[in-house]
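Notes to accompany the following structure.
The values are calculated or read from the model by the stated rules, or taken from the named source; none is laboratory data. Keep in mind that this is a model prediction, so the values were computed, not measured. Cβ placement follows ideal geometry from the backbone for every residue including glycine, while neighbour counts extend to all protein chains displayed. Side chains included, ligands, DNA and RNA excluded: accessible areas come from the protein's heavy atoms. Shrake-Rupley method; radii C 1.70, N 1.55, O 1.52, S 1.80 Å.
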Amino acid sequence: MNVQIFGAKKCFDTKKAERFFKERRIKYQLIDMKEKGMSKGELSSVKSAVGINELINTKAKNYSKSNLGNIRSAEVKEEILLKDGSLIVTPVVRNGKKATVGYKPEIWKEWIDSE
């Protein structure tokens, strides 16, 4: 498994995701979205796995300012998410071409069982 966790150090769901993989002795790479963020390729890979609307954090402080709720174009939404990583739901967990957004241990278990 090649697991990447995109999240924030202060995010409880990110910490729970880390703990999930640690307890199962599965190596993972943690990328802090506050420091680094996602590249365009990483974002489009996750977008193709889960859909652009799953990625949008409607509870984020900048959500109403960004006007994301009124934008129809997926390309424009993607550009906004690339510029402001705080608008992305965390954790984003990638395993190759598969990805999840938020805390989804049941899906991660399926990944482990299929390895």
| query | Can you tell me which residue in region 1-12 is nearest to residue 111 (Cα to Cα), limited to those that are in contact (Cβ under 8 Å) with a residue 24 or more places away in the chain and surrounded by fewer than 17 Cβ atoms within 10 Å (Cβ to Cβ)? | reply | 1
| Within region 92-110, restricting attention to residues that are assigned to a loop (DSSP other than H, G, I, E, B) and in contact (Cβ under 8 Å) with a residue 60 or more places away in the chain, which residue is farthest from residue 53 (Cα to Cα)? | 96
| Is it true that some residue in region 18-34 is open to solvent by 40 Å² or more (accessible area, probe 1.4 Å) and farther than 27 Å from residue 114 by Cα? | yes
| note | Result of the Cβ filter at 7 Å on region 59-77, keeping first residues that are within 19 Å of residue 47 (Cα to Cα) and open to solvent by 50 Å² or more (accessible area, probe 1.4 Å) and partners that are of a type in the set (S, T, N, Q) and not in a helix (DSSP H, G or I), at least 6 apart or interchain, is 63/57
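Every residue, every condition in (1) at pLDDT 95 or above; (2) touching a Cys at 6+ places or on another chain (Cβ under 6 Å); (3) within 13 Å of residue 3 (Cβ to Cβ); (4) not basic (Lys, Arg), yes or no:
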{"position": "13", "(1), (2), (3), (4)": "yes, no, no, yes"}
{"position": "20", "(1), (2), (3), (4)": "yes, no, yes, yes"}
{"position": "28", "(1), (2), (3), (4)": "yes, no, yes, yes"}
{"position": "61", "(1), (2), (3), (4)": "no, no, no, no"}
{"position": "66", "(1), (2), (3), (4)": "no, no, no, yes"}
{"position": "75", "(1), (2), (3), (4)": "no, no, no, yes"}
{"position": "100", "(1), (2), (3), (4)": "yes, no, yes, yes"}
{"position": "107", "(1), (2), (3), (4)": "yes, no, yes, yes"}
